[in-house]
Amino acid sequence: MSGLLQNRENLRVPEPTLRRLPWYLSNVKLLKQKGERFVSSTQISKEINIDASQIAKDLSYVNISGRTRVGYEVDTLIAVLEDFLGFTNLHKAFLFGVGSLGGALLHDSGLRHFGLEIVAAFDVNPALVGTTLNGIPIFHTDDFRRKMQEYDVNIGVLTVPIEIAQQITDYMVEGGIKAVWNFTPFRIRVPENIVVQNTSLYAHLAVMFNRLNFNEIK
C-alpha cells in the first residue's frame with residue numbers, strides 16, 4: 001500500500017514515486033534481516049528490477065543521504081522511509097461493507113504495521129450488526145454519525161457493493177470522513193478537499209489478464 005494520508009511536505013512528491021517508496025522499504029527490511037548494515041540504490045535495483053537511477057531520484061525526495069561507495073545506512077533508511085510515508089503514525093479508520101473483501105481486511109492485522117487501524121465496521125446485515133470480527137465491532141450503518149463522535153477517525157474504507165458506493169461515500173463525507181480508501185470498481189465523486197485512493201482489484205485483474213493474453217499470442 002502507499003501512505004494513505006500525505007502531509008504537506010509530501011504533496012509535491014509525484015504519485016509514482018510514493019507508490020514505489022514502500023517497495024524500497026520492504027526490500028531494505030529484508031536486507032536488514034539478512035544482516036546488511038548498508039544498502040545502495042544499485043543493490044535495491046537488483047532485488048526489485050527498478051533502474052538504480054530511478055531509485056536514487058525517488059530517494060532524493062526523502063531527507064536522507066548516502067555515503068559514496070557505501071550507500072545508505074539500513075536502520076536510518078528504514079526509519080526515515082517509515083516516517084516519510086506516515087507508517088509511524090497510527091491512522092484510525094472505519095470500514096463500510098463487511099462482505100468477503102471487507103471481512104478479509106478486518107482480519108488483516110498487518111495493516112497496523114503500515115499505519116492503519118480499522119477500529120470499527122458498518123453494515124446493514126442483521127446477522128453481522130452487533131457482532132465482532134477479529135475483535136473489531138460491527139455497527140449498523142445508521143450508527144455511523146454517532147460513532148464519529150466516539151472515535152477519532154478521519155478515514156473510511158469502502159468495500160460496499162458497487163450500486164451503493166456513491167451513496168455511502170456521500171454519507172461518509174457528510175459525516176466528517178476526510179479520506180476514502182476505495183476498493184470498489186466504481187469511481188466515486190468527492191469534494192476537492194477529500195483524499196481518495198482507488199484500489200480496484202478488478203482493474204488490476206483486467207491488466208494482468210490482458211498482458212497474459214498478449215504474451216500467449218506472441
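Here are some notes:
- C-alpha long axis of helix 201-217 to longest principal axis of the chain, angle in °: 50 degrees
- Comparing 124, 207, 74 in a Gaussian network model of the chain, where Cα atoms under 10 Å apart are tied by springs, the biggest mean-square fluctuation is seen for 207.
- Here the 3J(HN,Hα) profile of the range 33-46, calculated from phi with Karplus coefficients 6.51, -1.76 and 1.60 at θ = phi - 60°, is 4, 7, x, 6, 9, 9, 8, 10, 5, 5, 5, 5, 4, 5 Hz, Gly and Pro shown as x.
- Full extension of the chain segment joining residue 211 with residue 33 gains 60.7 nm, where the gain is 0.36 nm per residue of separation less the Cα-Cα distance.
- Exposure proxy for 88, 159: other Cβ atoms within 10 Å of each Cβ, ordered fewest to most, give 88, 159.
- Within a Gaussian network of the chain (alpha carbon springs, distance under 10 Å), most fluctuating of 69, 146, 20: 69
- The chain: angle of helix 165-174 to the longest principal axis, Cα-based, in degrees nearest 10: 90 degrees
- Convex hull volume per residue for the range 8-85, taking Cα atoms only, in Å³: 81 Å³
- Here residue 178 is the anchor, and the lysines within straight C-alpha reach of less than 21 Å, apart from those fewer than 8 places off in the same chain, are 92, 147.
- Under 5 Å between amide hydrogens, built in the peptide plane, is the criterion, and for residue 154 it picks out 92 among residues at least 5 positions away or on other chains.
- If the convex hull is drawn through the Cα atoms of the chain, its volume per residue in Å³: 159 Å³
- Zone residues, the range 80-121, relative to residue 132, backbone N less than 13 Å from point 7 Å out along Cα-to-Cβ: 119-121
Coordinate-derived values only; no laboratory data. Bear in mind the structure is a predicted one, so any value in this text is a computation, not a measurement. Cβ: placed from backbone, ideal geometry, glycine included. Neighbour counts: every protein chain shown.
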